[in-house]
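Written below as structure tokens is the structure these notes are about.
The values are calculated or read from the model by the stated rules, or taken from the named source; none is laboratory data. None of these values were measured; they are calculated from a predicted model. Neighbour counts run over all protein chains shown; Cβ positions are idealised from the backbone, glycine included.
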Amino acid sequence: MAAEKRFSDLLDMVVSQGGSDLHIFAGGSPMLRISGALVPISKFPELSAEDTEAMLKSIVPQERWNSFLENQTIDLSYAHKGDARFRVNGYRVQGTVALALRLIPHIIHTFEELNLPSVLEVFTQREQGFFLVVGPVGQGKSTTLATMIDRINDSRAEHILTIEDPVEYLFTQKKSLIHQREVHIDAPDFHTALQSAFREDVDVIMVGEMRDYETISSAVTAAETGHLVFSTLHTNNAAQTIDRIIDMFPAEQQSQVRVQLAGSLAGIFSQRLIPRVSGGLIPAYELLINNNAVSTLIRDARTHEISAVIQTSSQEGMIDMDRALAELVRKGEVTVEHAFEYAMDPKTFERYL
């Protein structure tokens, strides 16, 4: 019971101090991430291996505890006091249990509130296609996707299916019917859930993460067959994302995948959260829109030329990351030093300043 009380107190602290992530581990005090920086919670004493294991065990359903013991890792969502939800990963470090928790806001914000470009709304109004939000871990991909899904929910009467591991943002049905399926609870894996979606009269599909070629193949097929599909990948930019997708397939299938992707891709949005001069974080982003030129580059295996197309196609709505960073500097939102850290090509970024 003592471990559960301390765990609850730690979650209260994440909420009250505006933290985004909490790290709990044996042999040290917990650490809280605030505005991108990790801060030790020094008033909490060092935790023991028994403490951390008891904390994780208190929130893992009994039927999934054996899975954790077997696999040494587990993902789940956890509701705290009815006013906060966390995405939780439990794992082992040198034989002891550690936890990483990400706070999931209850409110789904608008594009404007998140400082995201309004052009993203165009992709929420498509009838079909494949749209990806990419970037490293912790850069707001899930939040951006939630905003896009909620915009569809606001404006269209569609059947929306989300497949997540675990379920993060909880949607309230507005104009759309929304079903949220959680991997390991509602389906054994992403691929199986995607396959069954073809028989569920679904219009819009959101796949929390594409981890293998079976899932990607099903997602591309869904986009080709009249569905609007959203997903994420841990890649750095649009060109790398396309290469990563194609490289997941066996060599003999890659030519066909290029053709499929060239025809079904709607766009790729890459984002980074940059420390803001006034405090907090603000996004910088790249947007690739799949037009005839991009489609040809994908089919012809010339993805290395895609960045140049983005740089020269701002009139079509495309957004170049280095240009976006320079604009944030000019507006006084971020420092030059921080912008340089995230620049795709420092020389190009300098030219935009």
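Within region 103-113, is there a residue that is under 19 Å from residue 273 (Cα atoms), in a strand (DSSP E or B) and not small (Gly, Ala, Ser)?
Yes, the conditions are met somewhere in region 103-113.
Exactly one of (1) aliphatic (A, V, I, L, M); (2) touching a Gly at 6+ places or on another chain (Cβ under 8 Å); (3) surrounded by fewer than 22 Cβ atoms within 10 Å (Cβ to Cβ) is unmet by residue 287. Its number?
Among (1) aliphatic (A, V, I, L, M); (2) touching a Gly at 6+ places or on another chain (Cβ under 8 Å); (3) surrounded by fewer than 22 Cβ atoms within 10 Å (Cβ to Cβ), residue 287 violates only (3).
Within region 144-185, can you find the residues that are of a type in the set (Ser, Thr, Tyr) and not in a strand (DSSP E or B)?
Those that are of a type in the set (Ser, Thr, Tyr) and not in a strand (DSSP E or B): 144, 147, 155, 169, 172, 176.
Could you list, in sequence order, the residues of region 246-274 that are crowded, with 20+ Cβ neighbours inside 10 Å and within 29 Å of residue 326 (Cβ to Cβ)?
Of everything in region 246-274, those that are crowded, with 20+ Cβ neighbours inside 10 Å and within 29 Å of residue 326 (Cβ to Cβ) turn out to be 265, 267, 268, 269, 270, 271, 272, 273, 274.
Taking the condition surrounded by fewer than 18 Cβ atoms within 10 Å (Cβ to Cβ), assigned by TED's automatic domain parsing to the domain that holds residue 10 and not acidic (Asp, Glu), does residue 77 pass?
In short, no.
I'd like to verify a number: residues in region 40-74 that are of a type in the set (A, V, I, L, M, F, W, C) and exposed (fewer than 13 other Cβ atoms within 10 Å of the Cβ), how many?
Of the residues in that region, 1 qualify.
Please go through region 204-222 and give me each residue that is modelled with pLDDT under 95 and in contact with a helix residue (DSSP H, G or I) (Cβ under 6 Å, 6 or more places away or on another chain), ordered by number.
210, 214, 215, 216, 218, 220
Being in contact with a Phe, Trp or Tyr (Cβ under 9 Å, 6 or more places away or on another chain) and either of a type in the set (Lys, Arg) or at pLDDT below 95 (or both) is the filter here; which residues of region 56-67 pass it?
57, 58, 59, 60
Select from region 195-213 the residues that are surrounded by 17 or more Cβ atoms within 10 Å (Cβ to Cβ) and farther than 21 Å from residue 76 by Cβ and list them in ascending order.
197, 202, 203, 204, 205, 213
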